[in-house]
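Read-outs: derived from the displayed coordinates by stated rules, not from any lab. Worth saying up front: this structure is predicted, and the values here are computed from it rather than measured. When we count neighbours, we look across all protein chains shown, and the Cβ atoms used for this are built from the backbone with ideal geometry, even at glycine.
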Amino acid sequence: AQSVTQLGSHVSVSEGALVLLRCNYSSSVPPYLFWYVQYPNQGLQLLLKYTSAATLVKGINGFEAEFKKSETSFHLTKPSAHMSDAAEYFCAVSGENKLVFGAGTILRVKS
Amino acid sequence: DAGITQSPRYKITETGRQVTLMCHQTWSHSYMFWYRQDLGHGLRLIYYSAAADITDKGEVPDGYVVSRSKTENFPLTLESATRSQTSVYFCASSEYGDLNTEAFFGQGTRLTVV
């Protein structure tokens, strides 16, 4: 069965600093991996997805993630944090006709 | 309007009552899903549906019932609500089941069981 583990339930960065949100996956087959973002009182929206076409995936709002099979990781990064990036971020893996989510990481951006 | 909508957005109910959460999508997506979101657990799948009249259990199905008589609707019923079912519920839809395509989420229903 597929699963994901997000390291760190809360991450705090200063505005302009690098954002790094960690995700490790477990999958018995080549995975499809996703990052979703949830702003307060809203549903989830897709940031980016990995579908084996390229290991470095670029998403919306300047985010990107790199698929590393040897490390079973799919970490999310952004070079320079903006106040509007404050939200909760979810890593997810697909399999058996459904998405399996991690526990989420709340990103706080300090001015 | 095109999209996926959930109703109600907020609901307070008493222990033991039956309550139904509604989900409607306008894209004719084949797959629909119900998740619950709880602090520390992320989103956990309750039930999903591959097409009309086809449903299957997810990770935490106990105490919930679903139906899908029409492609566009996927209601979730709590037969006898318990306090442990206090949560935020999200409905989602996807065109394909292998999910290398995007899943679209509703705004969520915040349910409180007192």
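Structural remarks
- Remark on the range A:47-111: Rg and Dmax equal 12.8, 42 Å (Cα only).
- Using a cut-off of 25 Å between Cα atoms, the listed pairs A:58/B:70; A:110/B:11; A:68/A:110; A:69/B:57; A:49/A:78 include A:58/B:70; A:110/B:11; A:68/A:110; A:69/B:57 as exceeding that distance.
- Computed as a quarter of the hull surface, the mean projected area of the alpha carbon convex hull for the range B:56-114 stands at 4.8 nm².
- The phi torsions of the range A:99-111, fed into the Karplus equation with coefficients 6.51, -1.76 and 1.60 and a -60° offset, translate into couplings of 9, 10, 9, x, 6, x, 10, 8, 9, 10, 10, 9, 7 Hz, rounded to whole numbers, with Gly and Pro shown as x.
- Sites residue A:80 and residue A:28 - FRET efficiency at Förster radius 35 Å, r taken between beta-carbons, to 0.05: 0.40
- Paramagnetic label reach from residue B:86 (point 7 Å along Cα→Cβ; backbone nitrogen cut-off under 13 Å): within the range B:66-80, no residues.
- If the Kirkwood radius is taken over C-alpha pairs of the protein assembly as shown, then at 25 °C and 0.890 mPa s the Stokes-Einstein diffusion coefficient equals 137 µm²/s.
- Estimated FRET transfer efficiency when R0 is 22 angstrom, pair residue B:26-residue A:45 (beta carbons, to 0.05): 0.80
- The three principal axes of the C-alpha atoms in the range B:1-100 carry coordinate ranges of 35, 26, 23 Å, sorted with the longest axis first.
- Paramagnetic reach from residue A:96 in the range A:57-76 [backbone N under 15 Å; point 7 Å along Cα→Cβ]: none
- Residue separation of residue B:9 and residue B:41 scaled by 0.36 nm, minus their Cα-Cα distance, works out to 9.4 nm of gained length.
- Of the residues B:69, B:94, B:84, the one that moves most in a GNM of chain B with alpha-carbon contacts below 10 Å is B:84.
- Close amide H pairs (under 5 Å, H built 1.01 Å from N) link residue A:103 with A:6, residues at least 5 positions away or on another chain.
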